[in-house]
1. Just give me the residues in segment 19-38 being loosely packed, with under 14 Cβ neighbours inside 10 Å, without any contact (Cβ under 8 Å) to a residue 60 or more places away in the chain and either farther than 15 Å from residue 241 by Cβ or over 27 Å from the mean Cα position of the chain (by Cα) (or both), in sequence order.
2. Looking at residue 171 and the list (1) outside any helix (DSSP H, G or I); (2) under 28 Å from residue 320 (Cβ atoms), which single condition is not satisfied?
3. Restricting to segment 309-331, give me the number of residues that are closer than 26 Å to residue 251 by Cα and buried (at least 24 other Cβ atoms within 10 Å of the Cβ).
4. Go through segment 251-262 residue by residue and tally those that are at pLDDT 85 or above and under 26 Å from the mean Cα position of the chain (by Cα).
5. Out of segment 246-257, which residues are in contact (Cβ under 8 Å) with a residue 24 or more places away in the chain and closer than 19 Å to residue 306 by Cβ?
6. Could you check residue 229 against (1) in contact (Cβ under 8 Å) with a residue 60 or more places away in the chain; (2) part of a helix (DSSP H, G or I); (3) closer than 27 Å to residue 59 by Cβ; (4) touching a helix residue (DSSP H, G or I) at 6+ places or on another chain (Cβ under 6 Å) and say which number it fails?
7. Here is a list: 286, 244. Which entry is modelled with pLDDT of 85 or more, closer than 21 Å to residue 30 by Cα and within 22 Å of the chain's Cα centre (by Cα)?
8. Out of the residues in segment 84-105 that are without any contact (Cβ under 8 Å) to a residue 60 or more places away in the chain, over 18 Å from the mean Cα position of the chain (by Cα) and in a helix (DSSP H, G or I), which is surrounded by the most Cβ atoms within 10 Å (Cβ to Cβ)?
């Protein structure tokens, strides 16, 4: 009986939510225009944004597989290893996690964390903080390449610096809050048994260099296609919803059902505290707030906003720097943190991880903005 009552309440709640969300838009735009705009926006995003991003993920997937196959990833890990302890309070092997998530996506850190050989280097609180550490670099390669595509190389590099600063803040805050409330986590992860150690060197390819190159490119490209397919729901659903509450009518203030039209509710709300965004991020156009808000759930969806911003002439160097920093650092952590920590068996620290990463992403954007201003003055 309770179950039936609960399902009825949920059904009514969902219907009320749909009505509250759609009626104001329909009244302003016209019901027919609203539905046409939703469909046209989703179609436009699929053709002009998703396939563009998929092209990038295929190329970056092939490149990342090549780097792994021919030892570049291991070389990067050895180069970065000396920085891990002073910056992140993590063992040197954690650098491999940063490289892998940078070249792929957030969940790559979970595969490493569950590797017994890899996790044996960590204390429990350090292993948990890998969720924040890895997420801060998730899809970083795709984000940077996308930003560079808008001829904003220096701004993208500034954003990368901001994201690195954000990753340090997030990891350190996570570790500190975990130790403060759960001091028992300051103990080593169980050591592995020697028989369980599997050396990847034993599986070295016997094929020639050309075949290794060809296999790496094709396998990496295939992984890029899969990643491109995975971002389709986020881009189409989340980005369409954000566009509908961010942008206004078409030319002459007329709604005609074209794509990328809507009711500017989000900029209207942001205008109430516009001085905050102007001072912290340098946003002079409140429509830009849509990017960080979308990046909370999916950075791929946030990247889907860039063509619209660029067409509107509001995508400048400062915006690219801030977007790169926030996009990399947050990279959809609201949609991945819970599942990642749950898979590690540490649900009790989910709220701390989310809190630390929220603060870190904001700090990353602020640092990128002021660093870009400093460089612009030089």
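1. Those that are loosely packed, with under 14 Cβ neighbours inside 10 Å, without any contact (Cβ under 8 Å) to a residue 60 or more places away in the chain and either farther than 15 Å from residue 241 by Cβ or over 27 Å from the mean Cα position of the chain (by Cα) (or both): 19, 20, 23, 27, 31.
2. (1)
3. 1
4. 3
5. Listed by number, the residues that qualify are 246, 247.
6. The number of the failed condition is (4).
7. The conditions single out 244.
8. 94
The values are calculated or read from the model by the stated rules, or taken from the named source; none is laboratory data. These numbers come from a predicted model, not from an experiment. Positions of Cβ are generated from backbone atoms using ideal geometry, with glycine treated the same way; all protein chains shown enter the neighbour counts.
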